[in-house]
Amino acid sequence: GDAVIVRKDIGTSYHLAVVHDDALQGITDIVRGVDLFESTHLHRVLQELLGYPEPIYHHHELLTDETGERLAKRNQSITLKSLRESGLSLAKLRESFQFSV
């Protein structure tokens, strides 16, 4: 489908804002989850159209809970910080959660 790059209610979209912001900050490497992989294509087109440099993209697997739901702030998921503070080791973390692509 069509990507939204400008909106009446806020004047821009995530895609345009993040591309512009990254360029202004001189970002050279972008690390995102695989759930944002498809947005990378649109971001590259916008970077080319705006004459911005091409950063290096890295997409990592997502950490999910036992139901396969990704761990995310928007879902009030448990945080890595809270797990570390509770004393959970990296080995136990790997056993407790699934990694998905």
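The values are calculated or read from the model by the stated rules, or taken from the named source; none is laboratory data. Please read all numbers here as calculations on a predicted model, not as lab measurements. Ideal geometry is used to build each Cβ from the backbone, glycine not excepted, and the neighbour counts take in all protein chains shown. Heavy atoms of the whole protein, side chains included, go into the accessibility calculation; ligands, DNA and RNA do not. Shrake-Rupley method; radii C 1.70, N 1.55, O 1.52, S 1.80 Å.
Miscellaneous remarks
- The residue of the stretch 1-21 that is farthest from residue 32 (Cα to Cα), among those that are surrounded by 10 or more Cβ atoms within 10 Å (Cβ to Cβ), out of contact with any helix residue (DSSP H, G or I) (no Cβ under 6 Å at 6 or more places or on another chain) and among the β-branched types (Val, Ile, Thr), is 6.
This table checks each residue for (1) within 22 Å of residue 2 (Cβ to Cβ); (2) acidic (Asp, Glu); (3) part of a helix (DSSP H, G or I); (4) over 16 Å from the mean Cα position of the chain (by Cα).
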position: 30; (1), (2), (3), (4): no, no, no, no
position: 35; (1), (2), (3), (4): yes, yes, yes, no
position: 41; (1), (2), (3), (4): yes, no, yes, no
position: 49; (1), (2), (3), (4): yes, no, yes, yes
position: 52; (1), (2), (3), (4): yes, no, no, yes
position: 74; (1), (2), (3), (4): no, no, yes, no
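- Residue in the stretch 76-95 that is free of Cβ contacts under 8 Å to residues at least 24 places away in the same chain, within 27 Å of residue 3 (Cα to Cα) and open to solvent by 90 Å² or more (accessible area, probe 1.4 Å) present: no
- Residues within the stretch 57-70 that are more than 12 Å from the chain's Cα centre (by Cα) and within 15 Å of residue 93 (Cβ to Cβ), tallied: 4
- Search result, residues across the stretch 49-75 that are exposed (fewer than 11 other Cβ atoms within 10 Å of the Cβ) and closer than 27 Å to residue 25 by Cα: 49, 51, 53, 54, 56, 58, 73, 74
- Of all residues in the stretch 31-42, exactly one satisfies the criterion of being out of contact with any His (no Cβ under 7 Å at 6 or more places or on another chain), closer than 16 Å to residue 53 by Cα and surrounded by 13 or more Cβ atoms within 10 Å (Cβ to Cβ), namely 40.
- Residue 63 touching a residue at least 40 places away in the same chain (Cβ under 8 Å) and not small (Gly, Ala, Ser): no
- Pairing each residue of the stretch 6-27 that is assigned to a loop (DSSP other than H, G, I, E, B) with any residue that is surrounded by 10 or more Cβ atoms within 10 Å (Cβ to Cβ) and among the small types (Gly, Ala, Ser), provided the two are 6+ apart or on different chains, yields C-beta distances under 7 Å for 6/13; 7/13.
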